[in-house]
1. Taking 37 °C and 0.692 mPa s as the conditions, I'd like the Stokes-Einstein D for segment 3-81 in µm²/s, using the Kirkwood hydrodynamic radius from alpha carbon pairs.
2. Sequence-distant or interchain residues sharing an amide H contact under 5 Å with E125, placed H: which?
3. For segment 146-301, build the convex hull from the C-alpha positions and give me its volume per residue in Å³.
4. Can you give the net charge of the other residues whose Cβ lies under 9 Å from the Cβ of M190, counting K and R as +1 and D and E as -1?
5. For segment 100-230, what value does the Rg/Rh ratio take when both radii are computed over Cα atoms and Rh is the Kirkwood radius, given to two decimals?
6. Using the eigenvalues of the Cα gyration tensor, what equivalent ellipsoid semi-axes result for the chain when each is taken as the square root of five times the eigenvalue, whole Å, largest first?
7. Using only Cα atoms, locate the centre of segment 250-272 and the centre of segment 21-65, then give the distance between them in Å, rounded to an integer.
8. Using only Cα atoms and rounding to the nearest 10 degrees, what angle (0 to 90) does helix 271-292 make with the longest principal axis of the chain?
Amino acid sequence: MELRVVKYFLAVAEAGSITEGARQVRISQPAVSRQLRALEQELGVELFERGHGALRLTQAGRRFLGVGRDLVRREQMARNAVGLEHPLETRLVAVAPFATILRTLAPFAAAHGARHPVIDAIECEPSLVFERTVALGADFGVSTVPPPADWAGHRLSPIGITAQVAPGHPLHGRPDVEVAELVRHPLILMDRTNQARMVFDDALAESGLALPDATELSSSFMAQGLAAAGRGAAVLTNEAVFGLHPVRVMRDGHQVRMSLYAGWDASHYAAGLIERWVAEYGDWLQTVDDVANVDAPAASA
């Protein structure tokens, strides 16, 4: 059964005549009549009561009318889903770390989502983002690790690392702190699989500093909870919560940052749509980063 013939049936049924239905679908009346006869033979039932006056649907025709409308509606949904028509109605699924969804994807959607496809997001550990993108059949990934070499992708604006401290902490109210000073305070760090932790460790090594004793956690939200309880400065990229104050972590006068990447299969049917979305997302990240994380002279130790 061809959808174009179903559309001929709907046009004729809704118009009440083959002549008017044929005019609406811009096909000759004899051609429409032949196609409808072929459809009835395929279904094994008559769909119309043919005679003088307006064309009327048989009982089978009335039942098929709802089915035909549903088939056409589902065809349109399929076209929308793959972006063949109406890009704004297209639905794309991203895989990203929860902190990235919370800090950047959701705020970007709030600011610019009206002129882009609908983006949903699935949470995932940073190191597994692109693997899970494939496994789940998602459309693209955003992570702090680069995508596979054979994927299309962009390196986005780096994200600044902060030391988040509670009121009463010696660093509270400060705009920034050099790593050499920061290590003199009790620290709460993510475990060594966390990308922000690895970047922080690199900054220490490049400064010739030994890693101090620190509380290591797997959950960034629990790290923020401990920091809010006054147990130390939590070194994170997350948005500050629980009344914590974010202090930019600096090395030689520049904020320590980690890269963010977007990646997708280059053969993806909506590759162009994804690329345009990522480009604007990247521009927005740069703007946000320029406002919130501008490099500044390090505070005196």
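1. Values: Rh = 12.7 Å.
So the translational diffusion coefficient is about 258 µm²/s.
2. none
3. Numbers: hull volume 18.7 nm³, N = 156.
Per-residue hull volume (Cα only) is 120 Å³.
4. Working: positive: R192, R197; negative: D191, E216.
Result for the neighbourhood of M190: 0.
5. Working: Rg = 17.4 Å, Rh = 17.2 Å.
In segment 100-230, Rg relative to Rh is 1.01.
6. Numbers: eigenvalues 760, 55, 51 Å².
Output for the chain: semi-axes of 62, 17, 16 Å.
7. Segment 250-272 and segment 21-65 have Cα centres spaced 56 Å from each other.
8. The answer is roughly 30 degrees.
Read the figures in this text as sums done on the coordinates, not as results from a lab. It should be emphasised that the depicted structure is a prediction, and the values quoted were computed from it without experimental measurement. Note that each Cβ is placed from the backbone with ideal geometry, even for glycine, and that neighbours are counted across all protein chains shown.
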